[in-house]
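**Q** Sharing a structure here in structure tokens format.
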Amino acid sequence: MSVSTASPPRAARASFFERLSQSRNGLGLLFMLPAAVFLLCFLTYPLALGIWLGFTDTSIGRPGVFIGLENYAYLMEDRVFWLSVFNTVFYTTIASILKFGLGLWLAVILNENLPFKNFFRAIILLPWVVPTVLSALAFWWIYDAQFSIISWLLMKAGLISAPINFLGDPWNARFSVIAANVWRGIPFVAISLLAGLQTIPVSLHEAAALDGATSWQRFRRITLPLLTPIIAVVMTFSVLFTFTDFQLIYVLTKGGPVNATHLMATLSFQRGIPGGSLGEGAAIAVAMVPFLLAAILFSFFGLQRRKWQQGGSD
């Protein structure tokens, strides 16, 4: 004797979808499902695979075996790795400070009632929208050891007697790639902070001006505190973009001269792909994660502080 299972009544199925459509949590989870699947496939899986490869001796063409912390133990004694850590921190710190200072200054200027300000606001985005590789190639010509326009102008002005070796000297190369990164990153900071400046009520500045406050006092006591949450978010993204920079460095110097401009991202690529040691390259990439988490957590927990959100200090 066979037992047949009856399907649920049509009304019951309909009531389930009705309850789902009326539930904010259920409907929200349903809308988030495509994004969750996308992140799982293109973010979680590659990250998990990279962490696993960091514990193996996998190379191109050979699966490899589990070797525990040998890759990380080797990196702890690798002078090139520690040089790349120094370069990454130095590059990120100097570039982020310059981008914030120049971007804030530019945002304040563009917030004023200037003629053709809409035109200038559009022009300022050009360095950001131009592909990174094209920007790097342009700077590669600007920094050329023989045909640099900068060296030519300085020689014509009588300030130098020979062309500057921008990309051949270690410290010249470090500051040259920083200058290229700053030029490319200023528009993002400036436009984002300009959007924040637009939200500050003009009446606050007018009231402070009537009380006799100078422009610097108004900026320090009104503009900067109210802009602090926006600054935290913008600088978090700026630090993340700078710390993980790859294209600009790889096109300009490929990490040279003598590994002077190797960042952790470029060294990871060099060891993993051209060098063939996928395990070691993955270990270098995984070593970047604590630095990135520190920047994210600093911004996240800072934004949860009520006084910071209100423009005050703890």
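The values are calculated or read from the model by the stated rules, or taken from the named source; none is laboratory data. Predicted model only: the values in this text are computed from it and were never measured. For neighbour counting, all protein chains shown are included, and Cβ atoms are generated from backbone atoms with ideal geometry for every residue, glycine included.
**Q** What number of residues within region 84-106 satisfy the criterion of being surrounded by 16 or more Cβ atoms within 10 Å (Cβ to Cβ) and closer than 28 Å to R218 by Cα?
**A** 10
**Q** A further question on this structure: Would a scan of region 65-76 turn up a residue that is part of a loop (DSSP other than H, G, I, E, B), in contact with a strand residue (DSSP E or B) (Cβ under 8 Å, 6 or more places away or on another chain), free of Cβ contacts under 8 Å to residues at least 12 places away in the same chain and not basic (K, R)?
**A** Yes.
**Q** In the list L47, L27, which residue meets the criterion of being at pLDDT below 85, among the hydrophobic types (A, V, I, L, M, F, W, C) and either on the phi > 0 side of the Ramachandran plot or surrounded by 11 or more Cβ atoms within 10 Å (Cβ to Cβ) (or both)?
**A** L27
**Q** For region 272-314, enumerate the residues that are of a type in the set (G, A, S), at pLDDT 90 or above and not in a helix (DSSP H, G or I).
**A** Scanning region 272-314 gives G275, G276, S277.
**Q** Of the residues that sit in region 199-235 and are in contact with a Leu (Cβ under 9 Å, 6 or more places away or on another chain) and hydroxyl-bearing (S, T, Y), which one is nearest to T88 (Cα to Cα)?
**A** T223
**Q** Here's a follow-up. Take A12 and tell me if it is at pLDDT below 90 and either basic (K, R) or assigned to a helix (DSSP H, G or I) (or both).
**A** Against the criterion (at pLDDT below 90 and either basic (K, R) or assigned to a helix (DSSP H, G or I) (or both)), A12 qualifies.
**Q** Continuing with the same structure: Note down all Cβ pairs under 7 Å where the first residue falls in region 41-64 and is assigned to a helix (DSSP H, G or I), the second is surrounded by 14 or more Cβ atoms within 10 Å (Cβ to Cβ), and they're at least six residues apart or on different chains.
**A** Short answer, once both residue conditions are applied: G50/A282; G50/A285; G50/V286; I51/V286; L53/L278; L53/G279; L53/A282.
**Q** Considering only region 98-149, state which residues are part of a helix (DSSP H, G or I), in contact (Cβ under 8 Å) with a residue 60 or more places away in the chain and among the aliphatic types (A, V, I, L, M).
**A** Of everything in region 98-149, those that are part of a helix (DSSP H, G or I), in contact (Cβ under 8 Å) with a residue 60 or more places away in the chain and among the aliphatic types (A, V, I, L, M) turn out to be L98, L102, L104, L106, A107, V108, L110, L126, V133, A136, L137.
**Q** Something else about it: Being at negative phi and touching a residue at least 12 places away in the same chain (Cβ under 8 Å) narrows it down to one of L154, L167, L159, so name that one.
**A** Criteria check complete, one pass: L167.
**Q** Could I ask something else about it? Return the residue satisfying two criteria in turn: it lies in region 107-155 and is at pLDDT 90 or above and among the aromatic types (F, W, Y), and of such residues it is surrounded by the most Cβ atoms within 10 Å (Cβ to Cβ).
**A** It comes out as Y143.
**Q** Name every residue in region 246-261 that is farther than 15 Å from D169 by Cβ and either hydrophobic (A, V, I, L, M, F, W, C) or crowded, with 24+ Cβ neighbours inside 10 Å (or both), in order of residue number.
**A** Answer for region 246-261, where residues must be farther than 15 Å from D169 by Cβ and either hydrophobic (A, V, I, L, M, F, W, C) or crowded, with 24+ Cβ neighbours inside 10 Å (or both): F246, L248, I249, V251.
**Q** Out of the residues in region 50-69 that are closer than 10 Å to L278 by Cα and surrounded by 14 or more Cβ atoms within 10 Å (Cβ to Cβ), which is modelled with the lowest pLDDT?
**A** G64
**Q** Shifting gears a bit: Any chance you could count how many residues in region 185-213 are under 14 Å from V108 (Cα atoms), crowded, with 16+ Cβ neighbours inside 10 Å and of a type in the set (G, A, S)?
**A** Selection size over region 185-213: 3.
**Q** Testing R271 on (1) surrounded by 21 or more Cβ atoms within 10 Å (Cβ to Cβ); (2) under 21 Å from the mean Cα position of the chain (by Cα), one condition comes back false. Which one is that?
**A** Going through (1) surrounded by 21 or more Cβ atoms within 10 Å (Cβ to Cβ); (2) under 21 Å from the mean Cα position of the chain (by Cα) one by one, R271 breaks only (2).
**Q** Going through region 152-172 one residue at a time, which ones are within 16 Å of Y91 (Cα to Cα) and of a type in the set (A, V, I, L, M)?
**A** If the condition is that a residue be within 16 Å of Y91 (Cα to Cα) and of a type in the set (A, V, I, L, M), then L167 is the only one that fits.
**Q** In addition: Residue check: is F166 surrounded by fewer than 18 Cβ atoms within 10 Å (Cβ to Cβ), touching a helix residue (DSSP H, G or I) at 6+ places or on another chain (Cβ under 7 Å) and within 30 Å of I273 (Cα to Cα)?
**A** Taking the combined requirement at face value, the residue does not satisfy it.
**Q** Would you mind stating whether R121 is among the basic types (K, R) and under 18 Å from G275 (Cβ atoms)?
**A** no
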